[in-house]
Structures are given as C-alpha cells and as structure tokens.
1. Could you tell me how many of the residues in the range 226-248 are in contact (Cβ under 8 Å) with a residue 12 or more places away in the chain and farther than 17 Å from Cys188 by Cα?
2. Which of the residues that make up the range 204-222 are open to solvent by 30 Å² or more (accessible area, probe 1.4 Å) and either within 21 Å of Ala171 (Cα to Cα) or in contact with a helix residue (DSSP H, G or I) (Cβ under 7 Å, 6 or more places away or on another chain) (or both)?
3. I'm trying to understand the selection: among the residues of the range 262-309, which are over 26 Å from Trp105 (Cα atoms) and among the β-branched types (Val, Ile, Thr)?
4. Within the range 20-36, does at least one residue satisfy the condition of being part of a loop (DSSP other than H, G, I, E, B) and touching a Lys or Arg at 6+ places or on another chain (Cβ under 7 Å)?
5. Ser312 - would you say it is surrounded by 21 or more Cβ atoms within 10 Å (Cβ to Cβ), touching a residue at least 40 places away in the same chain (Cβ under 8 Å) and hydroxyl-bearing (Ser, Thr, Tyr)?
6. In this structure, does Glu78 turn out to be part of a loop (DSSP other than H, G, I, E, B), under 26 Å from Glu151 (Cα atoms) and open to solvent by 60 Å² or more (accessible area, probe 1.4 Å)?
7. Can you tell me how many residues within the range 316-338 are open to solvent by 30 Å² or more (accessible area, probe 1.4 Å), in contact with a strand residue (DSSP E or B) (Cβ under 9 Å, 6 or more places away or on another chain) and of a type in the set (A, V, I, L, M)?
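The values are calculated or read from the model by the stated rules, or taken from the named source; none is laboratory data. Because the structure is predicted, anything quoted here is derived from the model rather than measured. Cβ atoms come from the backbone with ideal geometry, glycine included; neighbour counts cover every protein chain shown. For accessibility, only protein heavy atoms count, side chains too; no ligands or nucleic acids. Shrake-Rupley method; radii C 1.70, N 1.55, O 1.52, S 1.80 Å.
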Amino acid sequence: MPQHVQGVIAPGRNEPVRVETIVIPDPGPGEAVVKIQACGVCHTDLHYKQGAINDEFPFLLGHEAAGIVESVGEGVTEVEPGDYVILNWRAVCGQCRACRRGRPWYCFATHNAKQKMTLLDGTELSPALGIGAFAEKTLVAAGQCTKVDPEVAPEVAGLLGCGVMAGIGAAINTGNVGRGDTVAVIGCGGVGDAAIVGSRLAGAAKIIAVDIDDRKLAKAKEMGATHTVNSRTADAVESIRELTGGFGADVVIEAVGRPETYEQAFYARDLAGTVVLVGVPSPEMRLDLPLLDVFGRGGALKSSWYGDCLPSRDFPMLIDLHQQGRIDLAAFVTETVGLGDVEKAFARMHEGDVLRSVVVL
C-alpha cells in the first residue's frame, strides 16, 4: 500500500523549498523503499532548485543519504529489509560497454526506480539524482543501495553518497595521486576538502589549498593541506608554481566548476601533469584555451564523475578507513538540521558558513 511521508520539494526555479506530503509507492521489481536517517545538503540540490540542472520541476530534493531498507520488490537479492545502506546515484547496469570492459565506474546506463513518487494530487516528482532523500522515506533502484557497517552514524556515512566520495575519488581514482606527489586543490568547500583528504590518504607530499575565503583555507589546513593560497589577494598560478619549485603541481583538482578556475588549474600543473575537474559547471559556461598549450603541456585533462567510484567497492572501504581513524568523515559535518531547515541551510552554504549541513530524520 502506498505510504504518505514528509519531504522537501523545489516547486519552481529559484522558489523557496517547502515541506510537502509525498506519496511513496510499494517497491516494484528491482526497487527498494528506504527509511532515510540522514541526508547532507549538497550544492547539487541548490543547482536543482535554481534550475541549473534541468527544468523538470517539481523536484524532490536530497541525495547524499544513509538509511535502512524497509522493503524490496521482486527480484531484489543484493539488499533486504533491515540493511543499513548508503544511497548512490550511479547504480551500475553490468551490461553496457563500460561494464563489459571491466570499467563499471564509467557505467553508461545507470538506473533509477521506474515508478514515480508523487504529491497528493498526483503530480509526479523528479527525485534529485534519482534519489530524493530530503524525505522520511524514498523509492530507489535496489542497486542504488550500498550496504555498510551500521556502527557508523548516518549523518557521517551518508556523506559518502555524494560530496565526500566525489572529492576523495577525484584524488585517488581520477587523479591517481601517488606517494610524493604535489597536489593543488582549487575550491575548498566540501568536495575540495574531501580531495585534500584523499590526496593525504594517497601519500601526497605537498597539498596546496586555494580559495578566496580565509575561513575555508583554515579548514583546509585542518583537513590536511600543507599550504594555502588566498587567490583573492595572490595569483593562484604563480603561487602554486612558487610552492613547487617553479614547475607546477603534479595533479591539480578543480572543485569549483568555473572557466576561470579551470584555466588556473590548467596552467598551475607541471608539464605532463593532470587536471581533474570535479566542480560542476552550469550549461552556459564555455572554456577558451590555446590549442597549442593543450598540446604543448601534455599530460591529462580529466573530468571526475562521482569520483569515478564504484560504490560497492569504495563506500565500505572508506567506512573502514574512518573506523580505523585514518580519515575523519565526521569532520565534514558542521551542523545537523531538520527537514524544515533546508532553505536556511542553502543560505548558509551559499555564504560559505558551513562545510556540510546534514538533515537528520
């Protein structure tokens, strides 16, 4: 029987979010209903609200979540009711050309629940990244559920569902940061700080944090940056070169998603170095680089989809590292809030006052 729960929707472009009653259908084949325990407030949710992703309003926001599987549909074998899971937005298909080549983290046919969640009047909702977890319960494809150790608090575990995984993965999976490497991270919000954590985990010798906010730079130092550059008062490219013997960093991770910061990343890397774009640009943004420089500087220009992660492999591994004390996932949580506080949390995020607000249900 369909359930009625409370959830946060974005009704229209740049309109304030509001809490509404959401209708959750029983899970169909390959689907699961998950009781949400915590969900991080991510910039991507703000992008949905602003209409920067698409215009398929109304959206059921929230995607960076952990919770308990309540029920599953026909044919589901990977999870069962009672399992503690992190939700992921790239449920691999196992059949596409990327999966068949042994690269499931690039899966080109990731899937979501086929049924729609709705408002009471039948209006269909578009769940953010196929999840919609600013809600007491949500309906997802069972493959979007990754089992992890239930000893880890949901407000901590859920962060791996998006931002923290994206940043750590940008360093260790996409950027292939290695022992002794020099790394620069441009943009020190949640994703950028996670890239710093990932670079430290991989054994980077020097990690340079770049931002225009001294508060964020101070936090970046706490997360493992060895040097900081305020690019409002100093030239980011020249500063990174000065800190790397005049050469530039081996890996530069751009966690802003803007043409001007990407250009900084491009010129701040060493010859044959790597640029990783993990910041999410908006559709109208364009980049203009001399093609000769692209050729002459060599190396690799990469984008990082979800940290190029494989949730079934990476989520449990990072939870284990957290439990061992090798990474501190709890350090990303600035505050916990309720469903009715999401609009305020967006404002605090926009002002740079928090690393992560987490909705706890």
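1. Residues in the range 226-248 being in contact (Cβ under 8 Å) with a residue 12 or more places away in the chain and farther than 17 Å from Cys188 by Cα: 5 in total.
2. If the condition is that a residue be open to solvent by 30 Å² or more (accessible area, probe 1.4 Å) and either within 21 Å of Ala171 (Cα to Cα) or in contact with a helix residue (DSSP H, G or I) (Cβ under 7 Å, 6 or more places away or on another chain) (or both), then Ala205, Lys206, Lys216, Ala218, Lys219, Lys221, Glu222 are the ones that fit.
3. Val294
4. Yes, because at least one residue in the range 20-36 is part of a loop (DSSP other than H, G, I, E, B) and touching a Lys or Arg at 6+ places or on another chain (Cβ under 7 Å).
5. The answer is no for Ser312.
6. Numbers: part of a loop (DSSP other than H, G, I, E, B): yes; under 26 Å from Glu151 (Cα atoms): yes; open to solvent by 60 Å² or more (accessible area, probe 1.4 Å): yes.
Yes: the conditions hold for Glu78.
7. The total comes to 1.
A quick yes/no check of all residues on (1) open to solvent by 60 Å² or more (accessible area, probe 1.4 Å); (2) modelled with pLDDT under 95; (3) over 28 Å from Ile319 (Cα atoms):
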residue: Pro25; (1), (2), (3): no, no, yes
residue: Gln37; (1), (2), (3): no, no, no
residue: Phe59; (1), (2), (3): no, no, yes
residue: His63; (1), (2), (3): no, no, no
residue: Glu74; (1), (2), (3): yes, no, yes
residue: Tyr84; (1), (2), (3): no, no, no
residue: Leu87; (1), (2), (3): no, no, no
residue: Gln115; (1), (2), (3): yes, no, yes
